[in-house]
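Notes for the one structure printed next.
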Amino acid sequence: MEFSSPAQRRLETVRSHLDSSPTDDRTSLFLNATASPFSNEDDSYSVVLPEKLDTGKWNVYRSAKSPMKLVSRLPDHPEIGTLHDNFVHAFETYPDNKYLGTRVRPDGTVGDYTWMTYAETAIARQAIGSGLVYHGINQGARVGLYFINRPEWIVVDHACAAYSFISVPLYETLGPDAVKFAVNHATVEAIFCVPQTLNTLLSFLAEIPSIRLVVVVGGADEHLPSLPPRSGVKIVSYQKLLSQGRSSLHPFSPPKPEDIATICYTSGTTGTPKGVVLTHGNLIANVAGFSLAIKYLPSDIYISYLPLAHIYERAHQILVVYGGVAVGFYQGDNLKLMDDLAVLRPTLFCSVPRLYNRIYDGITNAVKSSGAMKKRLFQVAYNSKKQAIINGQNSSPLWDKLVFNKIKEKLGGRVRFMGSGASPLSPDIMDFLRVCFGCAVREGYGMTETSCVISSMDEGDNLSGHVGSPNPACEVKLVDVPEMNYTSEDQPYPRGEICVRGPIIFKGYYEDEEQTREIIDGDDWLHTGDIGLWLPGGRLKIIDRKKNIFKLAQGEYIAPEKIENVYAKCKFVSQSFIYGDSFNSSLVAVVSVDPDVMKDWAASEGIKYEHLGQLCNDPRVRKAVLAEMDSVGRESQLRGFEFAKAVTLVPEPFTLENGLLTPTFKIKRPQGKAYFAEAISNMYAEIAASDPMPSKL
Amino acid sequence: MPVFKAPFNGYSVKFSPFYESRLAVATAQNFGILGNGRIHVLELSPGAPGVTESMAFDTADAVYDVCWSESHDSVLVAAIGDGSVKIYDTALPPPSNPIRSFQEHAREVHSVDYNPTRRDSFLTASWDDTVKLWAMDRPASIRTFKEHAYCVYQAIWNPKHGDVFASASGDCTLRIWDVREPGSTMIIPAHDFEILSCDWNKYDDCILATSSVDKTIKVWDVRSYRVPLAVLNGHGYAVRKVKFSPHRRNLMASCSYDMTVCLWDYMVEDALVSRYDHHTEFAVGIDMSVLVEGLMASTGWDELVYIWQQGMDPRAS
């Protein structure tokens, strides 16, 4: 064997010492191919069925795990029909297992994790539910949750399930207007908050007349403001509510599967929030389907830091209860998440591409600055392990020892499963996570309106760049979108708008018949607005968004989110906003820069650093960032017209506060256009100036 | 028992045949894959810390093995990753070292062994598939033995016959050589996987042991080499080195990628005498003192060198 370098030869030699398995023994055992009508080698993850017997068109995909019947109940426990049943099952099966853990002590300091067991949580949720009844909150009343992830959130949620209250989760980052709208729209009667969000609430308390009870979590009674008795609103602390409930325990009023469990307000990228009505049956069906894809175990530890008001985290919480898993909460500060991970050492880690992109940037930057030797070592190890994973072989433990174990330690060292959802994860980054963390990494696709998961990657599927096969609890079809040239006849793969049907589909937008009819058609199909295609094996790949697409002047269609995902890999880029329209033939970018990288780079280039704003306005810096973005774009094989031709750098990040992001960190395009209107027109002026003779061909 | 922490990953450890308290250690940066190497000379002392470094020599590439001269108490020979063989005199300060450097092997030199009976020559085994014979006063190697079809991991002199040696190779054979003969005198296909190490019994010049990627150690009698005298199972990964005791006829030590060091009595049915799990990374170097019975040393990728008395816990201080 010849190797390109001594290092490669040495690595290969040591690796061969560790591989004493006889070669090709994998062929000695194989599955006996059976003649099932539902499984063939081409469609191994999904089965295809006709939508209607009379049309004869076979275009409806179901999971190969349950082709005959859509799953609506947990296969091992079909008696569980509601969230209440689910929790009762958990605390009867695992009463003494750790359940809710926090490292924030009552005095606000941070220490080791302290835990509540499933049985303790069961007692607390009965007390909280009884406390609400004590204050005159009746079955069917809406209860708001307006605070960041912490054990009390889950206790209140279980109380709502046990006493048939409808929970209305609100992002703690929502501004006053959105909260006011949701509270009034859902006529919330009781709301749980923390001292920080209490102030927001008090500023417009008179404008939310349905509120009768405000419960403050983590505040002492003596510090609570007193309200004029005429206002009709009572403010109590969580602790007081707990003791009030304990001294007058009420029996449960369990919900039925068809009862409403929660109303989730999704902001959407445009317009006013919409209240997604989900029943207990919806949520249980979704989790039941997803439980066929991944088993959570009582020995697992889950870290909760994604907003509980988002369906992705909420659905996980239901699955986690079913498995008897321990849930540790972060301190409430994303900047300290790494520290929390090191202490908790979770086995399950669910996140969003935004965070995975940051992890990727962090590791690749660390590798780049670790010297030529370490960099080479990393490259050799990375390529070898990636190759092994693609071929479905076990990678040599050598690479883990040399390189990857140290990286794995960053998430505590015990992660066995990584999930990604909420927005598309770039395939490179998925491969990177699989190699570096050596665990199952699976991407899922879903939305609030489908109670979370529509599809997810199957176990043992090593291909990245898709979102897997349908959740066994729903069926999926693609519908032609002629105006965007997506049809079921497309080669090599059929394409179209993703439509979903089954027990996971929501009941409608709360008191908004019209918008409900827009999204659910007469045959009960929910139109997601996402464009997908079917990869071989019945695996769905999201390629576009029906709304987020525009044409450039020369007629090319642009999907800006795809391009933003590419540029996110550029080291300078923290966030980017790609803009284009049919009046211009090229794209421009507004980039929120990574301050640390900028500062270091300026120092290395000898550019004087006064403040970030000054760097952002420096034409040399702009040029360098654009050059770096170009090279990232080339690496990812962007097409020529997909490159941003000019860039504006801004020092401040795009946030919820400045109105540029949705709570799920998607960019609000109309707002972005207005916010950066001046920068955008300047960039187009700049492009026009540098290219005075626009091609007239 | 004393422990020495090296800045690099350990590859080999050898007791001095002249001083019972002296050892040499071969180390390499980045697990020997890329980077520099260093040779440490260690001195054992009665009180704490028990072991101190008396000297260190830096090299431009990994040091995979080291051995003491049998004729000069201060002289060391080192096997270097860049294919060179370097000679050091610990009586001279580091700037005057190495006193000789031979650049002949085309690839990594993996082992070096000084002739214990004639005391005038030494052998090197290399990944260029050859074994070379050297003498201190010659400007170049005396002979090259080229028969193996893959890396030679170790070549080791017979303890009685000053012209006979054995070589262990990745081509899955063990070869016996007499330097007076033109080619090898015996080829033993000892394992179905790469052979990483071999050693002669110090009490019976016809018995030797091999260790392999197949996780076993086999003991052979060259007079009837069709079947091994014994097959020792117990390591969980490839056995990196095997070494016979200089004091007890049936005793041998081994170290492995399974991170343990084992002692074996190959004559009894239940051969495993003891297992030491003090290393936290691959254990790749082992030696037994000729001068103090039962004194052992080991090193590994955890950058630690342990020196301990048989029967004691290497970690107990």
Could you check, for region A:178-190, whether at least one of its residues is under 22 Å from A:ILE123 (Cα atoms), open to solvent by 10 Å² or more (accessible area, probe 1.4 Å) and either at pLDDT below 95 or not assigned by the TED database to the domain that holds A:PHE654 (or both)? no
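Quick check on A:LEU649: is it open to solvent by less than 60 Å² (accessible area, probe 1.4 Å), assigned to a helix (DSSP H, G or I), within 20 Å of A:ALA568 (Cβ to Cβ) and at pLDDT 85 or above?
Here the answer is no, as A:LEU649 does not meet what is asked.
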Within region A:418-442, the residues that are farther than 22 Å from A:GLU561 by Cα, part of a helix (DSSP H, G or I) and open to solvent by 10 Å² or more (accessible area, probe 1.4 Å) are A:ARG434
Task: Any chance A:PRO254 is open to solvent by 50 Å² or more (accessible area, probe 1.4 Å) and over 30 Å from A:VAL110 (Cα atoms) - done: yes
Taking region A:565-584 and keeping only residues that are closer than 16 Å to A:GLY672 by Cα, modelled with pLDDT of 90 or more and either outside any strand (DSSP E or B) or β-branched (Val, Ile, Thr) (or both), one is left with A:ILE578
Residues of region B:46-67 being part of a loop (DSSP other than H, G, I, E, B) and among the aliphatic types (A, V, I, L, M), in sequence order, are B:ALA48, B:ALA60, B:ALA62
The number of residues in region B:131-152 that are out of contact with any Leu (no Cβ under 7 Å at 6 or more places or on another chain), more than 14 Å from every other protein chain (Cβ to nearest Cβ), surrounded by fewer than 22 Cβ atoms within 10 Å (Cβ to Cβ) and assigned to a loop (DSSP other than H, G, I, E, B) is 6
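Sort out which residues of region A:658-683 are assigned to a loop (DSSP other than H, G, I, E, B), of a type in the set (D, E, K, R) and open to solvent by 50 Å² or more (accessible area, probe 1.4 Å), and write them in order of number. Give the steps one after another, and end with the answer.
Pass one, region A:658-683, residues assigned to a loop (DSSP other than H, G, I, E, B): A:658-660, A:662-666, A:668, A:676.
Now restrict to residues that are of a type in the set (D, E, K, R): A:666, A:668.
Within region A:658-683, just A:LYS666 meets the criteria.
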Over region A:339-355, the set of residues modelled with pLDDT of 90 or more and either at negative phi or hydrophobic (A, V, I, L, M, F, W, C) (or both) is A:ASP339, A:ASP340, A:LEU341, A:ALA342, A:VAL343, A:LEU344, A:PRO346, A:THR347, A:LEU348, A:PHE349, A:CYS350, A:SER351
inquiry  = Tell me yes or no: at least one residue of region A:375-387 is open to solvent by less than 20 Å² (accessible area, probe 1.4 Å) and under 25 Å from the mean Cα position of the chain (by Cα).
reply    = no
For region A:108-153, the count of residues that are hydroxyl-bearing (Ser, Thr, Tyr), assigned to a helix (DSSP H, G or I) and open to solvent by 50 Å² or more (accessible area, probe 1.4 Å) equals 1
Note: among B:THR173, B:THR216, just one is open to solvent by 10 Å² or more (accessible area, probe 1.4 Å), within 14 Å of chain A (Cβ to nearest Cβ) and among the β-branched types (Val, Ile, Thr), namely B:THR216
Scanning region B:176-213 residue by residue, those open to solvent by 20 Å² or more (accessible area, probe 1.4 Å) and within 14 Å of another protein chain (Cβ to nearest Cβ) turn out to be B:ASP192, B:PHE193, B:GLU194
Inside region A:78-98, the number of residues satisfying the requirement of being more than 22 Å from A:THR262 (Cα to Cα) and touching a residue at least 60 places away in the same chain (Cβ under 8 Å) is 4
Scanning region B:1-17 residue by residue, the ones that are open to solvent by 40 Å² or more (accessible area, probe 1.4 Å) and under 11 Å from B:TYR306 (Cα atoms) total 3
Residues of region B:25-44 being at the interface with chain A (Cβ under 7 Å from one of its Cβ atoms) and part of a helix (DSSP H, G or I), in sequence order, are B:ASN30, B:PHE31, B:GLY32
In the set A:ARG142, A:ARG125, the lone residue that is farther than 26 Å from A:GLY324 by Cα, charged (D, E, K, R) and modelled with pLDDT of 95 or more is A:ARG142
### Message
Please verify whether A:LYS608 is farther than 26 Å from A:ALA559 by Cβ and in a loop (DSSP other than H, G, I, E, B), treating the condition exactly as stated.
### Response
yes
Restricting attention to region A:212-242, the residues that are in contact (Cβ under 8 Å) with a residue 60 or more places away in the chain, in a loop (DSSP other than H, G, I, E, B) and open to solvent by less than 30 Å² (accessible area, probe 1.4 Å) number exactly 1
Exactly one of A:TYR493, A:TYR445, A:TYR486 is among the aromatic types (Phe, Trp, Tyr) and crowded, with 23+ Cβ neighbours inside 10 Å, and that one is A:TYR445
Checked region A:401-417 for anything outside any helix (DSSP H, G or I) and buried (at least 21 other Cβ atoms within 10 Å of the Cβ); matches are A:VAL415
Within region A:378-399, residues in a helix (DSSP H, G or I), within 13 Å of chain B (Cβ to nearest Cβ) and in contact with a helix residue (DSSP H, G or I) (Cβ under 8 Å, 6 or more places away or on another chain) come out as A:PHE378, A:VAL380, A:ALA381, A:SER384, A:PRO397, A:LEU398, A:TRP399
Among strands (runs of 3 or more DSSP E) completely within region B:68-130, the ones holding 3 or more residues that are within 25 Å of B:SER169 (Cα to Cα), open to solvent by less than 20 Å² (accessible area, probe 1.4 Å) and modelled with pLDDT of 95 or more are B:75-80, B:84-89, B:109-114, B:121-126
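The values are calculated or read from the model by the stated rules, or taken from the named source; none is laboratory data. In this text the structure is predicted, and so the values were computed from the model without any measurement. Note that we place each Cβ from the backbone using ideal geometry, even for glycine, and neighbour counts take in every protein chain shown. Accessible surface areas use protein heavy atoms only, side chains included; no ligands, DNA or RNA. Shrake-Rupley method; radii C 1.70, N 1.55, O 1.52, S 1.80 Å.
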